[in-house]
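The values are calculated or read from the model by the stated rules, or taken from the named source; none is laboratory data. Treat the numbers as computed from the prediction; the structure is a model and nothing was measured. With ideal geometry, Cβ positions are generated from the backbone for all residues, glycine too; neighbour counts draw on all protein chains shown. Side chains are part of the model used for accessible areas, which takes the heavy atoms of the whole protein and leaves out ligands, DNA and RNA. Shrake-Rupley method; radii C 1.70, N 1.55, O 1.52, S 1.80 Å.
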Amino acid sequence: MKILWLATIIFPPLAEHLKLRRANKGGWLYSAAKNLIENNDRIKLGVIIPIRELSNVRKVVLDRITYYVIPAPPIDSYNKRNVLDCKFAIEDFKPDLIHIYGSENSISAAICKANGGMCKTLVNIQGLASGIVHYADGGLSWWNKLTNVTPLDFYTGTFLLNIKRRFRYRSEYEDYVIKHVTDIVGRTQWDHDHVLTLSPNIRYHFMNETLRDTFYEEPVWSYDNCKKHTIFVSNSEEPLKGAHQVISALPIIIKQYPDTVVNFCGSDVMSSDWRSIIRFQGYHLYLRKLIKKHGLQQHVNFLGPLTEEKMKQALLNAHVYLMPSAIENSSNSLCEAQMLGVPVVASYCGGTPTLVEDGKTGFLYRYEEIEMLAQRIIQMFAKPDLSTLSESERTVALTRHDRKANALSLIEIYNEILKA
């Protein structure tokens, strides 16, 4: 069985081979690829990976995976060259099935056009641009979007006022992709309902996700070893991730626990270094103003982009993991926190209720209610024993993200599609 993947993440062995800097995200997909070929000797795996640094197609074979490295288009457009590059990979590899990871990328539309319906194709839902667009600005007011503009925004066009428009462009590609594939793989009730609304007759397959290797290994979280009253937030780079909601709720928490600290994964918006400041986008500027307004400089840290190992350590250090997003399909960081047994607080949005059972494997609150966010954190800080919650999270997560079970499930889906 020959399976050709399209992935927008550079796998670590390929990055090393091409002498490119290894990305800090997407390790879960490489882990899934390894487990797929380890659990079935009959599968031959090819992967198309678009990379901006390259100008020509390259074919590389590493560890039983055939890579087709192609020049990458912008996320919101593609051209004839991108279609021809995808067509070359398809004709050279001759797959029985094409598996696209991510529905909203322009390159996903390019491979559908290159395929022309000749080969059965499925798409794995990551996020859904059409479902995200309503929440893309994180609830920021028109005034806050207008008054937080940086030189980089003028250069790149990344104005906060344009953020919903960018997702609308992506949703157009997504609509094209979903209407030109035969099957969908999803993992939450939210993506199921949205996909069947877009394409009522499409075949939907449920499959849980495999996480990054480090999170299956010891050590795991313990109350005794964590840093008390420390909150970890895994993304602060865009409004829909809700960092501004955390900052707005923090003064309420500090009244009860004055030593509270929030560690954000993301750009240091409080930096005084001019090289960092010139990289600021409008949202970074807004966060900086908000922190100064509330006088929270001593209560927030921005850790920059984190490697897989550093992300795990940040989670182990935390008293609570907080996912404050306006919308998520299935947050891998939340799942990684549960795998380690870190107490979880998350906004009730998108596919999160599929992952978190309120009061048993985490605690939920409404995104808009910063008062509820604050009180959930305060309740967690007040608990003298979080071992029951921690163990429940790990039990559920270990089953949900079982690597072998998920690999076998994917093989079963491939066989089902090819027989259909």
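Observations, loosely collected:
- Number of residues in segment 274-289 that are of a type in the set (A, V, I, L, M, F, W, C), in contact with a helix residue (DSSP H, G or I) (Cβ under 8 Å, 6 or more places away or on another chain) and surrounded by fewer than 20 Cβ atoms within 10 Å (Cβ to Cβ) equals 1.
- Residue match in segment 2-24 (condition: at negative phi, out of contact with any Pro (no Cβ under 8 Å at 6 or more places or on another chain) and at pLDDT 95 or above): yes
- Remark: H319 matches the filter, which requires a residue to be within 17 Å of I231 (Cβ to Cβ) and either under 16 Å from the mean Cα position of the chain (by Cα) or in contact (Cβ under 8 Å) with a residue 60 or more places away in the chain (or both).
- Candidates are the residues of segment 391-420 that are among the small types (G, A, S) and open to solvent by 20 Å² or more (accessible area, probe 1.4 Å); the one that is farthest from V262 (Cα to Cα) is A420.
- Close pairs (8 angstrom Cβ cut-off, 6 or more residues apart or separate chains): closer than 20 Å to V177 by Cα and of a type in the set (V, I, T) in segment 58-82, assigned to a loop (DSSP other than H, G, I, E, B) and at pLDDT 90 or above anywhere: I70/V57
- Criterion (out of contact with any Cys (no Cβ under 7 Å at 6 or more places or on another chain) and within 27 Å of V133 (Cβ to Cβ)) met by exactly one of R212, R165: R165
- Among the residues listed as G304, G266, G295, G282, the single one being in contact (Cβ under 8 Å) with a residue 12 or more places away in the chain and over 27 Å from G27 (Cβ atoms): G282
- Scope segment 338-385; condition of a type in the set (K, R) and surrounded by fewer than 19 Cβ atoms within 10 Å (Cβ to Cβ); matching residues: K360, R366, K383
- Scanning segment 294-337 for residues that are within 22 Å of A374 (Cα to Cα), in a helix (DSSP H, G or I) and open to solvent by 10 Å² or more (accessible area, probe 1.4 Å) returns H294, A314, L316, N317, S333.
- For D268, the conditions (1) part of a helix (DSSP H, G or I); (2) under 22 Å from N144 (Cα atoms); (3) open to solvent by 50 Å² or more (accessible area, probe 1.4 Å) are fulfilled apart from (1).
- When we screen T197, T158, T150 for residues that are open to solvent by 50 Å² or more (accessible area, probe 1.4 Å) and of a type in the set (V, I, T), the only hit is T197.
- Residue match in segment 290-307 (condition: closer than 25 Å to S141 by Cβ and under 16 Å from the mean Cα position of the chain (by Cα)): no
- Of all residues assigned to segment 340-351, none qualifies as being modelled with pLDDT of 95 or more, over 22 Å from the mean Cα position of the chain (by Cα) and either within 24 Å of D259 (Cα to Cα) or of a type outside the set (A, V, I, L, M) (or both).
Conditions tested, residue by residue: (1) touching a Lys or Arg at 6+ places or on another chain (Cβ under 6 Å); (2) within 13 Å of T8 (Cβ to Cβ); (3) surrounded by 21 or more Cβ atoms within 10 Å (Cβ to Cβ).
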position	(1), (2), (3)
E53	no, no, no
K59	no, no, no
D63	no, no, no
A72	yes, yes, no
N79	no, no, no
D85	no, no, yes
F88	no, no, no
L97	yes, no, no
I111	no, yes, yes
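- Restricting segment 228-250 to residues that are open to solvent by 40 Å² or more (accessible area, probe 1.4 Å) and out of contact with any strand residue (DSSP E or B) (no Cβ under 8 Å at 6 or more places or on another chain) leaves a set whose member that is nearest to R366 (Cα to Cα) is E238.
- Conditions (1) over 30 Å from D183 (Cβ atoms); (2) open to solvent by less than 80 Å² (accessible area, probe 1.4 Å): number failed by T388: (2)
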